[in-house]
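J.: Handing you a structure now.
The values are calculated or read from the model by the stated rules, or taken from the named source; none is laboratory data. A quick note: this is a predicted structure, and the numbers were derived from the prediction, not measured. Cβ placement follows ideal geometry from the backbone for every residue including glycine, while neighbour counts extend to all protein chains displayed. In case anyone asks, the SASA skips ligands and DNA or RNA and just uses the protein heavy atoms, side chains included. Shrake-Rupley method; radii C 1.70, N 1.55, O 1.52, S 1.80 Å.
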Amino acid sequence: MHFVCEKNVLAAALGIVQRAVATKSPLPALKGVLLETEESGLVLSGTNLEFGIKCSLQAKIIEHGAVVLPAKLLTEFIRKMPDGMIDASSHSDNPLNINIACGNIKFDLSGYPAEEFPKLAEASSDAARLAVEEGLLKEMFSQTEVAIARDETRPILTGLLLETEANKLKLVATDGHRLAFRQAAYADNTELKAVIPGKAIREVSKILEDAQDKKVEICLDDTCVVFIMDGIVLSSRLVEGKYPPYQQIIPTDFKTSVVADAQALQAALERAEIIVREGGNNLVLLQVDQGITVIGASQDVGRVEDFVPAEVQGEPLEIRFNVRLLLDCFHNIKDQQVHLDFTGPYSPCMIRPFENHNYLHLVLPVRLS
Amino acid sequence: METPIIHVDMDAFFAAVEMRDNPQYRGKPVIIGGDPRRDVRAVVSTASYEARKYGIRSAMPLVQAWRLCPHGIFLRGNMRKYAEVSRQIMAIFSRYTPLVEPLSIDEAFLDVTGCEKLFGPPRQIAAAIQEDIRRELNLSCSVGVAPNKFLAKIASDLHKPGGLTVIAPGDIERVLHPLPIEKLWGVGEKTASKLRDMGIDTIGQLARLPESLLTAAFGKMGAGLWRLARGEDGRMVTTSREAKSISREVTFPRDISDPEQVRAVLLELADDVALSLRRHGYLATKVTLKVRYGNFDTVTRQGTLPAPACLTMPIYTRVLDLLARVDLRGRGIRLLGVGSGGLVDQTGCRQLSFFENSGLVREEKITQAIDKVEARYGRGAVKRATLLIRKDP
């Protein structure tokens, strides 16, 4: 194997692929990056068996070949090289020994045979395919990702539900305490349903760009999902099991409806958070009457009371929340005004941007016994 | 003297209480810990000074103590009584200062800053406390007076029993430096042998080393040791201590290996831990399982709870998960322990969930009912059927 490529391009590609590389594994090849040559350039792959990332980059191929190199060492070393062209070639007597040169720097790295590298999950030929604008997908992921469960008690909730129906693409995440829902118009009306692991979603989000002119292709079959982006392919197993019927959770009748300035309310919650996180319980009280009064208090620390003007319709209400859950939602609202709808102190609060009815967040309150 | 700290340590506390209440034991070797003929696995909890002459020490297996002193008076002890006496002692301390930090049932730190005008200099306060305890409770204690907690504890230990030792700022080197390194807080067997390998036997030798050398060898703890060796200890006397963990363990008279029995014991321990959490108003976020095999090999496994809990079942279920990661095949178990950590205040509030675990809600109600019954009729008034039919180990 022998190729020449630009250092910055290689470093960037390694940075992306490395996210999928297993940090702990009894198989040394799993802690490595697979380098393969193609006609057009070089392909890097990394996997932890749960998901994998494949990244193609431009390189001049002098001699074809494939090898697995230790990911951490390689990434770190390439990053520390001076800018310029990198020339990598395998030793003539030992093809697993790779000599990497850049200017006056030469270093040898011994690798593993490419055959020891596991095959990345691939969508079958009859897999369903969706094409979504990259910037839109990035926004949709960031709005729902926060609600994906982190603990493994209910494995199905550690994934993001992706479904298409009636010309809509819908994403749903819930950890039991809150639920995020985001939908977008989608031309096709094939019906799909898949639960994608939160880890894969978080990695894809990091790779996605705010581009409006590019599309991401999502391939889905019964067991895996593949995201095909510009030069980067991320594939992951799906979460097995049935997603809970989330539609039943979303309330439709409300007793109290509020419209408030999103930034003002967010700022008030952030101020309250400073006090309540010191006390360790993250608890805020919202008094909804002529407006919203945000009250945060912790013993031995202090108390904050903050009045946010708002348009309130219906019954006045007092309700307590974990302020973190509210803020996670507000961080994703770009609109000037926000809708808050309540049915009672022990029922979920529905938060929606005023203009955009494609996004909603449900947050369950805290009950004082 | 900067902050005058007094450390009071009762002399052979449990044994002394027994000897006070049973005149026939006085002047005899009294060993608290159990009956060496029955409690084969028990250890010495306290030995009277008469018993210490035979080489009997705390934490020594009771059987060994019996061999050293077959005619000794071996008693199981009465924790309820000792706790009551402890309360009386703490009450005496609080006459002199509100800043009392109980360290265990029989020792405490007192910060007597600002008490001079009322009760005289720290030395005089220490003497008065010692006298009150002797006159009112007929018990002896050793007292140390020093500028900080570490030195006060060192001081009380210097002239036991019945001593009153003051370490003034000018005496620190003279008193502290000749002591063996084990006297430093945080130096256990392992650290001590590591230090000995470095040629360090006394606190003075350690104090003379450059701090950087200790940090290199022991990390953050090294810097702490170095400061202690120089007689520096910035910790305050704190009156209430936040619990960091609540755990329960049991040592079996004979090793057990029956998986069913192991589970039954763990259930009982989880029950105890959960009860203790509720009594203290905590929720646990982590649980630990401790298994000690017959050969004293000990393994611990820790796991996080899906939600903070103070009920038996969530804790027990997690403990069983952890048990699955421990190799039990064919190995006798000497001790089992269940612990809870990452404690958070149970402020009486609960984050609601879309998927209420109906089993958990039911358990909460049952537990509340049982707690009420037990508050009235005593612990054990209601028992799990699993634990009733269990054969005793």
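J.: Keeping to segment B:79-102, report how many residues are free of Cβ contacts under 8 Å to residues at least 12 places away in the same chain and closer than 30 Å to B:Leu62 by Cβ.
T.: First pass over segment B:79-102, keeping only residues free of Cβ contacts under 8 Å to residues at least 12 places away in the same chain: B:79-80, B:84, B:87, B:91, B:94.
Right, trim to closer than 30 Å to B:Leu62 by Cβ and you get B:79-80, B:84, B:87.
Residues that pass the stated criteria total 4.
J.: Looking for whichever is open to solvent by less than 20 Å² (accessible area, probe 1.4 Å) and at pLDDT 85 or above here; the options are B:Tyr316, B:Tyr293. Which one fits?
T.: B:Tyr293
J.: Residue check: is A:Phe307 open to solvent by less than 40 Å² (accessible area, probe 1.4 Å) and among the aromatic types (Phe, Trp, Tyr)?
T.: no
J.: Select from segment B:207-240 the residues that are in a loop (DSSP other than H, G, I, E, B), open to solvent by 30 Å² or more (accessible area, probe 1.4 Å) and among the acidic types (Asp, Glu) and list them in ascending order.
T.: Listed by number, the list holds a single entry, B:Glu232.
J.: Whether any residue in segment B:235-249 is among the acidic types (Asp, Glu) and over 23 Å from B:Gly186 (Cα atoms) is what I want to check.
T.: yes
J.: Okay, next question. Quick one: which strands (runs of 3 or more DSSP E) lie wholly within segment A:215-310 and hold at least 1 residues that are outside the structural domain of A:Glu163 (by TED's automatic domain parsing)?
T.: A:256-261, A:283-288, A:291-298
J.: Looking only at residues that are surrounded by 20 or more Cβ atoms within 10 Å (Cβ to Cβ) and more than 20 Å from A:Asn99 (Cα to Cα) in segment A:25-71, which one is farthest from the chain's Cα centre (by Cα)?
T.: A:Leu30
J.: From B:Ser193, B:Ser257, grab the single residue that is among the polar types (S, T, N, Q) and either in contact with a strand residue (DSSP E or B) (Cβ under 7 Å, 6 or more places away or on another chain) or under 20 Å from B:Leu151 (Cα atoms) (or both).
T.: B:Ser257
J.: While we're on this one: Report, by residue number, each residue of segment A:117-163 that is under 24 Å from A:Gln247 (Cα atoms), among the polar types (S, T, N, Q) and part of a loop (DSSP other than H, G, I, E, B).
T.: A:Thr153
J.: Search segment A:349-369 for residues being touching a residue at least 40 places away in the same chain (Cβ under 8 Å), closer than 13 Å to A:Met140 by Cα and surrounded by fewer than 21 Cβ atoms within 10 Å (Cβ to Cβ), and hand back the single one that is farthest from the other protein chains (Cβ to nearest Cβ).
T.: First pass over segment A:349-369, keeping only residues touching a residue at least 40 places away in the same chain (Cβ under 8 Å): A:350, A:353-354, A:358-368.
Now restrict to residues that are closer than 13 Å to A:Met140 by Cα: A:358-361.
Now drop any that are not surrounded by fewer than 21 Cβ atoms within 10 Å (Cβ to Cβ), which leaves A:358, A:360.
Numbers: A:Asn358: 21, A:Leu360: 14 Å.
Only one residue tops the list, namely A:Asn358.
J.: Which one is farthest from the other protein chains (Cβ to nearest Cβ), of the residues in segment B:320-352 that are closer than 14 Å to B:Val262 by Cβ and among the small types (Gly, Ala, Ser)?
T.: By that ranking, first place goes to B:Gly332.
J.: Considering (1) in contact with a strand residue (DSSP E or B) (Cβ under 7 Å, 6 or more places away or on another chain); (2) more than 25 Å from B:Gly77 (Cβ to Cβ), say which one B:Ile133 fails and leave the rest.
T.: Tallying (1) in contact with a strand residue (DSSP E or B) (Cβ under 7 Å, 6 or more places away or on another chain); (2) more than 25 Å from B:Gly77 (Cβ to Cβ), B:Ile133 fails exactly one: (2).
J.: Follow-up question, since we're still on this one. Test each condition in (1) under 16 Å from the mean Cα position of the chain (by Cα); (2) within 30 Å of A:Val67 (Cα to Cα) for A:Ala149 and report the one that comes out false.
T.: Answer for A:Ala149: the failing condition is (2).
J.: So which residues in segment B:349-366 are in contact with a Ser or Thr (Cβ under 7 Å, 6 or more places away or on another chain) and closer than 15 Å to B:Leu311 by Cβ, if there are any at all?
T.: Within segment B:349-366, just B:Arg350 meets the criteria.
J.: Take segment B:59-80 and flag every residue that is modelled with pLDDT of 90 or more and exposed (fewer than 14 other Cβ atoms within 10 Å of the Cβ).
T.: Once the filter is applied, which keeps residues that are modelled with pLDDT of 90 or more and exposed (fewer than 14 other Cβ atoms within 10 Å of the Cβ), segment B:59-80 yields B:Arg67, B:Pro70, B:His71.
J.: Then there's this: Among the candidates A:Asp328, A:Asp335, A:Asp341, single out the residue that is closer than 20 Å to A:Arg178 by Cβ, surrounded by fewer than 16 Cβ atoms within 10 Å (Cβ to Cβ) and either in contact with a strand residue (DSSP E or B) (Cβ under 9 Å, 6 or more places away or on another chain) or away from chain B (no Cβ under 13 Å) (or both).
T.: Just a single option satisfies the conditions, and that option is A:Asp335.
J.: Residues to consider are B:Gly204, B:Gly199; find the one that is open to solvent by 40 Å² or more (accessible area, probe 1.4 Å) and either in a helix (DSSP H, G or I) or over 17 Å from B:Arg123 (Cα atoms) (or both).
T.: The match here is B:Gly199.
J.: Still on this structure: Do the conditions hold for A:Ala184, that is, is it small (Gly, Ala, Ser), more than 19 Å from A:Val239 (Cα to Cα) and open to solvent by less than 40 Å² (accessible area, probe 1.4 Å)?
T.: yes
J.: Related question: Report yes if B:Ile56 is within 22 Å of B:Thr238 (Cα to Cα) and open to solvent by less than 30 Å² (accessible area, probe 1.4 Å), otherwise no.
T.: Here the answer is no, as B:Ile56 does not meet what is asked.
J.: When you go through B:Pro36, B:Pro29, B:Pro23 one by one, which is the residue that is free of Cβ contacts under 8 Å to residues at least 40 places away in the same chain, buried (at least 17 other Cβ atoms within 10 Å of the Cβ), in the same structural domain as B:Ala126 (by TED's automatic domain parsing) and more than 22 Å from B:Glu107 (Cα to Cα)?
T.: B:Pro36
J.: Kindly provide the set of residues from segment B:95-110 that are surrounded by 14 or more Cβ atoms within 10 Å (Cβ to Cβ) and out of contact with any helix residue (DSSP H, G or I) (no Cβ under 9 Å at 6 or more places or on another chain), ordered by number.
T.: B:Leu99
J.: Go through segment A:172-181 and report how many residues are open to solvent by 10 Å² or more (accessible area, probe 1.4 Å) and without any contact (Cβ under 8 Å) to a residue 60 or more places away in the chain. Before the answer, list the steps.
T.: Initial filter on segment A:172-181 (open to solvent by 10 Å² or more (accessible area, probe 1.4 Å)): A:175, A:177-178, A:181.
Next, from what is left, pick out any that are without any contact (Cβ under 8 Å) to a residue 60 or more places away in the chain: A:175.
Total meeting the criteria: 1.
J.: Now for a different question. Looking only at segment B:277-286, decide whether some residue is under 21 Å from B:Glu374 (Cα atoms), open to solvent by less than 70 Å² (accessible area, probe 1.4 Å), more than 14 Å from every other protein chain (Cβ to nearest Cβ) and at pLDDT 85 or above.
T.: Scanning segment B:277-286, I find at least one residue that is under 21 Å from B:Glu374 (Cα atoms), open to solvent by less than 70 Å² (accessible area, probe 1.4 Å), more than 14 Å from every other protein chain (Cβ to nearest Cβ) and at pLDDT 85 or above, so the answer is yes.
J.: Enumerate the pairs (first residue in segment A:241-256 and closer than 16 Å to B:Phe355 by Cα; second residue anywhere and of a type in the set (Phe, Trp, Tyr)) with beta-carbon separation below 8 Å, excluding pairs fewer than 6 apart on the same chain, so at least 6 apart or on different chains.
T.: A:Pro244/B:Phe354; A:Pro244/B:Phe355; A:Tyr246/A:Phe181; A:Ile249/B:Phe354; A:Ile250/A:Phe181
J.: Right, another one. Give segment A:250-282 a look and list any residue that's open to solvent by 30 Å² or more (accessible area, probe 1.4 Å), farther than 18 Å from A:Arg303 by Cα and within 14 Å of chain B (Cβ to nearest Cβ), or say none.
T.: If the condition is that a residue be open to solvent by 30 Å² or more (accessible area, probe 1.4 Å), farther than 18 Å from A:Arg303 by Cα and within 14 Å of chain B (Cβ to nearest Cβ), then A:Ile250 is the only one that fits.
J.: Moving to a separate point now. Consider B:Ala192 carefully, then state whether it is buried (at least 17 other Cβ atoms within 10 Å of the Cβ) and within 25 Å of the chain's Cα centre (by Cα).
T.: So B:Ala192 does not fit the description; no.
J.: I'm told A:Thr75 meets every condition in (1) buried (at least 18 other Cβ atoms within 10 Å of the Cβ); (2) part of a loop (DSSP other than H, G, I, E, B) except one. Can you identify the failing condition by its number?
T.: With respect to (1) buried (at least 18 other Cβ atoms within 10 Å of the Cβ); (2) part of a loop (DSSP other than H, G, I, E, B), A:Thr75 is out only on (2).
J.: Considering only residues that are β-branched (Val, Ile, Thr) and either under 23 Å from A:Ile228 (Cα atoms) or open to solvent by less than 20 Å² (accessible area, probe 1.4 Å) (or both), which ones fall in segment A:1-24?
T.: A:Val9, A:Ile16, A:Val17, A:Val21 - these are the residues of segment A:1-24 that are β-branched (Val, Ile, Thr) and either under 23 Å from A:Ile228 (Cα atoms) or open to solvent by less than 20 Å² (accessible area, probe 1.4 Å) (or both).
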